[in-house]
Amino acid sequence: MNETTKKKFDLTKFKQRHIALKILYFGWDYDGLADQANSENTVEYHIITALIKTCLIESRQKSKFNRCGRTDKGVSSYGQVIDLNVRSNLIDETQTLGLFTPDDYTGPTAYADGTMKPPPDELKYVDMLNGVLPTDIRVIAWAPVGQEFSSRFSCQSRSYSYVFPKGDLCIESMKVASKYLIGSHDFRNLCSFDLKNGVTNHVRTIYSTSIRPVGGAPSTDSQYSFYEFIIVGRGFLYHQIRCIMTILFLVARKREVPEVVRDMLDINKCPARPKYCPASPLPLSLFDCEYSVEDLKEWQYNPKTLSNVYKRLKQLWLVYKTKTVMIERALFGIEAKLDVCDPAERQEDNVLHNSKSDWKDFGLEHDSMSDSKYIPIMRRQREDSLEKKLETMNSKPKKLKRDLQDEANNQ
């Protein structure tokens, strides 16, 4: 039977169920999480494609698809949550959380006529999707949820991690600076504006911050050791964490004092955002989204599924770790040669004891200039204030109308 004569799968014979999915993905090779009209290289594009291919949904629009947190190009997640309506194998709505009858339903209304057959098992949502998704996008669990559940608005907290090399950073200064973030503040100077999407309120609440060696390893002064910055909050603004990291890195490199964070959160002292760039998206990940037990009672994990995901991650780890070890061998070999060179013959900027060059790939090359040329954040040129940007944006329709009227008058 060819594709043109193949019978179309009839979704109307199935009831639908509102569920949540927990998703892991590495964002390095994608153009972000959110579906985009001009790109098929997004995480959501592949998720929606997989949902349609497995006949779990007919389209994104009809599924009422929601996500917990939008992640930018290059950003990863170990616990992204989405919710949507999908096909279900069950029909007893009184016994099944989130199950409902679509308006176009044509399937059975009971399991059997006059008999008490046990209900069929629910569809294996996780295995079905992982069978067609790219290997760097994995569904790791699903959960039944009520119709009122929203992965975005029901979320009580989101936790992000940003990993970075120790280099010559002063970790203690970073810790002091990060504590100024805790609480409810106006973060307009520590984000990128997203006015086109209607974001005009920049007050956000940060519950906690911490900086610790990656993986719980003991603290070390080696420039090759890795740390992670963990920040937990209710919600975050566009580029907020990446902007925060830029400032924390400058503090850790002794170019700014920890109190610069406090000053940037003071809108009276800093009414407009100083010019600087967000840090690299590569080390950033959304690793946890928390919900109340009333909204999401329990994630459904399958040991076999988790084992398959683990095996795939282990394969990735083996490849990247092997490459890392080989690079380290070469790096340490060159370092040993440099260490015995005549100091007079070394470059003025001693790469062994000054890691300014390390920061180029973290998006901070504009701040790797010499100390004599560095301009402190609070003395930098400012962008237009939020109020000015809003005024400009609101005046555009009026200006367009005037331009069209002038054009008409000149014809």
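Comparing THR96, PRO108, PRO144 along the charge dipole axis of region 16-152, the residue lying farthest to the positive side is PRO144, per the Cβ-charge model. Across region 73-82, rounded Karplus estimates of 3J(HN,Hα) from the backbone phi angles (6.51 cos²θ - 1.76 cosθ + 1.60, θ = phi - 60°) give 4, x, 8, 10, 8, 9, x, 4, 10, 10 Hz, Gly and Pro being marked x. Rounded to the nearest Hz, the phi-derived 3J(HN,Hα) couplings of region 245-261 under the Karplus curve 6.51 cos²θ - 1.76 cosθ + 1.60 (θ = phi - 60°) are 5, 4, 5, 5, 5, 5, 5, 5, 9, 6, 8, 9, 8, x, 5, 4, 5, where x marks glycine and proline. Note on region 16-152: with charges restricted to the Cβ of Lys and Arg (+1) and Asp and Glu (-1), its dipole about the Cα centre is near 200 debye.
Dipole orientation for region 16-152: of the candidates THR71, MET128, ILE47, THR71 has the Cα lying most toward the positive pole (charges on Cβ; Lys, Arg +1; Asp, Glu -1). Amide H to amide H distances under 5 Å link GLY74 with TYR30, GLY32, where only residues 5 or more positions off or on other chains count and H is placed in the peptide plane.
If we count every other residue with Cβ under 15 angstrom of ASP104's Cβ, Lys/Arg +1 and Asp/Glu -1, where does the sum land?
Details: positive: LYS8, LYS13, LYS15, LYS62, ARG87; negative: ASP10, GLU58, ASP103.
Computed value for this residue: +2.
Counting charges near CYS191 (Lys, Arg +1; Asp, Glu -1) among other residues having Cβ under 11 Å from its Cβ returns a value of +2.
Peptide packing for 164-172, 289-297, 46-54 was compared via the average number of neighbouring C-beta atoms within 10 Å per residue; ordered from the highest value, the list is 46-54, 164-172, 289-297.
Which of the listed residues, ILE231, ILE247, ASN197, is farthest toward the dipole's positive end in region 190-251, when Lys, Arg count +1 and Asp, Glu count -1 at the beta-carbon? The residue sitting most towards the positive pole is ASN197. Close amide H contacts of GLY167 (hydrogens built in the peptide plane, cut-off under 5 Å, sequence separation of 5 or more or a different chain): TYR224, SER225.
Using Cα pairs under 8 angstrom and six or more residues apart, how large is the relative contact order of region 163-212, in percent? 45 percent.
Can you pick out the pairs among LYS179/LYS275; LYS166/LYS275; LYS269/LYS373; LYS196/LYS389; LYS53/LYS124 whose Cα atoms lie more than 19 Å from each other?
Among LYS179/LYS275; LYS166/LYS275; LYS269/LYS373; LYS196/LYS389; LYS53/LYS124, the Cα-Cα distance tops 19 Å for LYS179/LYS275; LYS166/LYS275; LYS269/LYS373.
For SER208, the amide hydrogen comes within under 5 Å of the amide hydrogens of VAL232, counting only partners 5 or more places away or on other chains and with H modelled in the peptide plane.
With an 8 Å cut-off on Cα pairs and a minimum separation of 6 or more residues, tell me the relative contact order of region 16-152 in percent.
Once normalised by length, the contact order is 39 percent.
Dividing the Cα convex hull volume of region 182-282 by residue count, how many Å³ per residue is that? List each step's numbers first, then the result.
On the way: hull volume 12.7 nm³, N = 101.
Hull volume over Cα atoms, normalised by residue count, gives 126 Å³.
Coordinate-derived values only; no laboratory data. Just so it is clear, the model here is predicted, and its values are computed rather than measured. Here Cβ is always computed from backbone atoms with ideal geometry, including for glycine, and neighbour counts include all displayed protein chains.
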